[in-house]
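Single-structure report; data block below.
The values are calculated or read from the model by the stated rules, or taken from the named source; none is laboratory data. Note that the coordinates shown come from a computational prediction; the quantities given were computed from them, not determined experimentally. Don't worry about glycine lacking a Cβ; one is built from the backbone with ideal geometry, like all the others, and counts go over all protein chains shown.
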Amino acid sequence: MASFRRFRPDDLDKFSKCNLDPLTETYDLSFYLQYFAKWPSLFQVAEDPNGNIIGYIMGKLESSPDYFQYSEHYLPWHAHITALTVAPGARRLGIGKILTENLEVAAEAGDAWFVDLFVRKSNTKAITFYEGMGYSVYRVVKDYYGDNVNDPTAHGEDAYDMRKPMSRDKTLKHIREDGRNHDVQPEDVF
C-alpha cells in the first residue's frame, strides 16, 4: 500500500529506486528544488510503508513567454508533466495513475487549459498508459532527446508532445486528432 504526499527536500536521498530506469531523466539537485519552491502542489511522491519513495511526479504551470505570443507554437496557460516515474518493483499497482490524477486536480485548480508532457516515441508502454488516461499526441518534436536509448549510434530520438484537455478547454481547441502528422523542431516548443 502506498501513501501519496507532497515532495520534501529530504526525499532526494530516496529517489534512487525510481531513477535507475534508463527512460527516467535524472536532474541535478537544484532542478528538483526549483520545482519544489515554485510548484509544490505539482510535485508529489508515492511512499511505501517503510518510507521508501517508490514513485514521483514533477509538474509546473506555465505559458509560453511573451515573444512566442504570435507564433503558431504559442502555448497558453497549462500544466506540464516534467517527470513521472515509478520504481520497477512498484509498477502495475496504479501508482502512476494516482500521481497523474493528482497533478490533473492541481491543474484544474490552477485553471489550466490542458496538461501536456513529452515522451520518447519508442516508449510504447508510457504512450499506452497516457492514452488510457485520455492523453493524445498533439505533435511530434523531431530529435527532442539528445540520445537514443534503443540505438546508441543514432543522434537523437523524437518525442511525442501529448496533451489532455482540462475543463477550461470546452471546445477542445488545444488538442488534435492527427497529432502524429504534425512535426516541429525542438526550438519550436517551450
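Here are the numbers for the structure shown:
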| item | result |
| --- | --- |
| Options Thr171, Thr124; residue that is of a type in the set (Val, Ile, Thr), without any contact (Cβ under 8 Å) to a residue 40 or more places away in the chain and more than 24 Å from Gly55 (Cα to Cα) | Thr171 |
| Filter result (aliphatic (A, V, I, L, M), crowded, with 21+ Cβ neighbours inside 10 Å and under 11 Å from the mean Cα position of the chain (by Cα)) within the range 117-140 | Leu117, Val119 |
| Only listed residue being among the β-branched types (Val, Ile, Thr), closer than 24 Å to Tyr70 by Cα and modelled with pLDDT of 90 or more, chosen from Ile175, Ile95, Ile127 | Ile175 |
| Subset of the range 117-135 (residues that are of a type in the set (A, V, I, L, M, F, W, C) and assigned to a loop (DSSP other than H, G, I, E, B)) | Met133 |
| Top-ranked residue of the range 56-74 - restricted to ones that are at pLDDT 75 or above and in contact with a Ser or Thr (Cβ under 7 Å, 6 or more places away or on another chain), ranked as farthest from Phe15 (Cα to Cα) | Lys60 |
